[in-house]
Amino acid sequence: MKIPMVDLRSQYRDIKKEVEDTIKEILESGQFILGPHVREFEREVAAYHGCKYAVGVASGTDALHLSLMALGIGEGDEVITTPFSFIAAAEAIVYVGAKPVFVDVDPETFNIDPFEIKKRITPKTKCILPVHLFGMPAEMDGIMDIASEYGLNVIEDCAQAFGAEYNGRKVGTFGSVGCFSFYPSKNLGCYGDGGMVITEDPILYEKLILLRNHGSPGGYRHIFIGRNSRLDEIQAAILRIKLKRIDSYNNRRRAVADLYRRLIGEIVICPEEKKGLKHVYHQFTIRYRDRDMIKEKLERSGVSSVVYYPIGLHKQEAFLGLIDDDNLPVTEMLTKEVLSLPIYPELKEEDVTYIADCIKESISVAI
Ligand SMILES: *Cc1c(COP(=O)(O)O)cnc(C)c1O
């Protein structure tokens, strides 16, 4: 028995013909950058979110970087974000010359805690950057209240949460912008790198369109210094094929999560969906005091599992000297207790049962 964290090949088998036909058409067309598939995909993602604009970019990291640039955040500014996440958002804050300010997270949702945000606001704070970690929506009511009270922008990192909902509303539509990644293993992933920014704001939209293309409206005129950060036609076409299926992919993930909860919810701490939230389970991340024991047992049984994330960002060497020395006890605890289990739409019920049995066995042996 071998169970991986994700299985991109079996998903590909389901959509193979459609993908290959489309790629062939694009190769024949000779149009590879900013063509009709990118425009259509942008229109479809905007429609999916019920928002006005979407801008395809080269990656999720670039979506965050270009958003910070578009909002004019830079030298001397502070951006409040989570220490319990992938590094990209905090990195993007440093790219524009601003300072990431890490505040602690909620032990149940793993997401940034609005109460902690409030304590760290200073006159330099310009923006709050929550991450909807593992597909679980961050506490957007609390975050948006603070943002409006202090006049701050909000950038949502939705890289792990395409399709997730907070009180019936899609994540990415609360802040000034929502940023997505289409890295292959994300809930909506392409076959390379890709990203997107969504917004309701026509001025931000215009800026983002220029920023992704060297600050140029065309004709070799350059209004400001931008980047080369474009989504390409082949990736956009693949994403259009998968976008049609995203709700069913996410629902499958939710069914897998329900089954995990039924099988091991009594013996380890499982993610719980609070009322009004729709989690899309980019990861199914459990907590257990001796998670290394579970991890080792799974490994011996042919089951992959990963610690997302073993080190809080505030403890990463990369930020040494850039951030204040902080005491973030919840993040410290989570880095020691979390373990992400295999979850993907194609994961079979019998595989989930097998994984659950391995976990039960490792715990009963230890007791
Ligand atoms: C994957 C990811 C990113 C970065 O996306 P890329 O497309 O890999 O650049 C940003 N934030 C989070 C939370 C992610 O998981």
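Scanning segment 297-315 for residues that are more than 25 Å from ALA98 (Cβ to Cβ), touching a residue at least 40 places away in the same chain (Cβ under 8 Å) and not hydroxyl-bearing (Ser, Thr, Tyr) gives LYS297, LEU298, GLY302, VAL303, VAL306.
Considering only residues in segment 168-224 that are of a type in the set (D, E, K, R) and surrounded by 22 or more Cβ atoms within 10 Å (Cβ to Cβ), the one that is farthest from the ligand (Cβ to nearest atom) turns out to be LYS207.
Residues in segment 339-365 that are in a helix (DSSP H, G or I) and basic (Lys, Arg): LYS360 alone. Take ILE117 and decide whether it is of a type in the set (A, V, I, L, M), assigned to a strand (DSSP E or B) and surrounded by 24 or more Cβ atoms within 10 Å (Cβ to Cβ). For ILE117, the condition - of a type in the set (A, V, I, L, M), assigned to a strand (DSSP E or B) and surrounded by 24 or more Cβ atoms within 10 Å (Cβ to Cβ) - is not met. Which residue pairs have Cβ atoms under 7 Å apart, sit 6 or more places apart or on different chains, and have a first residue in segment 71-100 that is more than 27 Å from GLU332 (Cβ to Cβ) and a second that is more than 13 Å from the ligand (Cβ to nearest atom) and among the hydroxyl-bearing types (Ser, Thr, Tyr)? Note: pairs meeting the criteria are LEU71/SER176. Answer with yes or no whether ALA58 is under 14 Å from the mean Cα position of the chain (by Cα), small (Gly, Ala, Ser), at pLDDT 95 or above and within 16 Å of the ligand (Cβ to nearest atom). Criteria not met by ALA58. Residue count for segment 284-318, restricted to those that are of a type in the set (A, V, I, L, M, F, W, C), farther than 13 Å from PRO83 by Cβ and within 19 Å of the chain's Cα centre (by Cα): 4. Residues in segment 107-131 that are under 22 Å from ILE269 (Cβ atoms), in contact (Cβ under 8 Å) with a residue 60 or more places away in the chain and within 16 Å of the ligand (Cβ to nearest atom): THR109, PHE110.
Being in contact (Cβ under 8 Å) with a residue 12 or more places away in the chain and touching a Cys at 6+ places or on another chain (Cβ under 7 Å) holds for only one residue in ILE286, ILE363, and it is ILE286. What residue, of ALA236, ALA257, is under 30 Å from ILE363 (Cα atoms), at pLDDT 95 or above and either more than 14 Å from the ligand (Cβ to nearest atom) or in contact with a helix residue (DSSP H, G or I) (Cβ under 6 Å, 6 or more places away or on another chain) (or both)? None of the others qualify; the one that does is ALA257.
Any idea which residue in segment 72-106 is nearest to TYR183 (Cα to Cα), counting only those that are in a loop (DSSP other than H, G, I, E, B) and within 12 Å of the ligand (Cβ to nearest atom)? Within segment 72-106, the match that is nearest to TYR183 (Cα to Cα) is PHE86. Kindly establish whether PHE134 is under 18 Å from PRO310 (Cα atoms), within 15 Å of the ligand (Cβ to nearest atom), in contact with a strand residue (DSSP E or B) (Cβ under 8 Å, 6 or more places away or on another chain) and not in a loop (DSSP other than H, G, I, E, B). Here the answer is yes, as PHE134 does meet what is asked. Within segment 1-33, the set of residues being part of a loop (DSSP other than H, G, I, E, B) and closer than 20 Å to PRO184 by Cα comprises PRO4, MET5, VAL6, ASP7, PHE32. Spot the failing condition for PHE162; the list is (1) assigned to a helix (DSSP H, G or I); (2) buried (at least 24 other Cβ atoms within 10 Å of the Cβ); (3) aromatic (Phe, Trp, Tyr), and only one is missed. Among (1) assigned to a helix (DSSP H, G or I); (2) buried (at least 24 other Cβ atoms within 10 Å of the Cβ); (3) aromatic (Phe, Trp, Tyr), PHE162 violates only (1). Listed by first and then second residue, the pairs linking a residue in segment 316-334 that is in contact (Cβ under 8 Å) with a residue 60 or more places away in the chain to a residue that is surrounded by fewer than 18 Cβ atoms within 10 Å (Cβ to Cβ), with Cβ atoms under 6 Å apart and 6 or more places separating them unless they lie on different chains, are VAL330/PRO107. Is it the case, given these coordinates, that ALA164 is under 19 Å from ARG212 (Cβ atoms), at pLDDT 95 or above, touching a helix residue (DSSP H, G or I) at 6+ places or on another chain (Cβ under 6 Å) and aliphatic (A, V, I, L, M)? In short, no. The set of residues in segment 120-131 that are β-branched (Val, Ile, Thr) and assigned to a strand (DSSP E or B) comprises THR125, ILE128, VAL131. For MET69, the conditions (1) more than 22 Å from GLY163 (Cα to Cα); (2) of a type in the set (A, V, I, L, M, F, W, C); (3) part of a loop (DSSP other than H, G, I, E, B); (4) in contact with a helix residue (DSSP H, G or I) (Cβ under 7 Å, 6 or more places away or on another chain) all hold with the exception of (3).
The values are calculated or read from the model by the stated rules, or taken from the named source; none is laboratory data. Computed from a predicted structure; not experimentally measured. Using ideal geometry, Cβ is built from the backbone for each residue, glycine included, and neighbour counts are taken over all protein chains shown.
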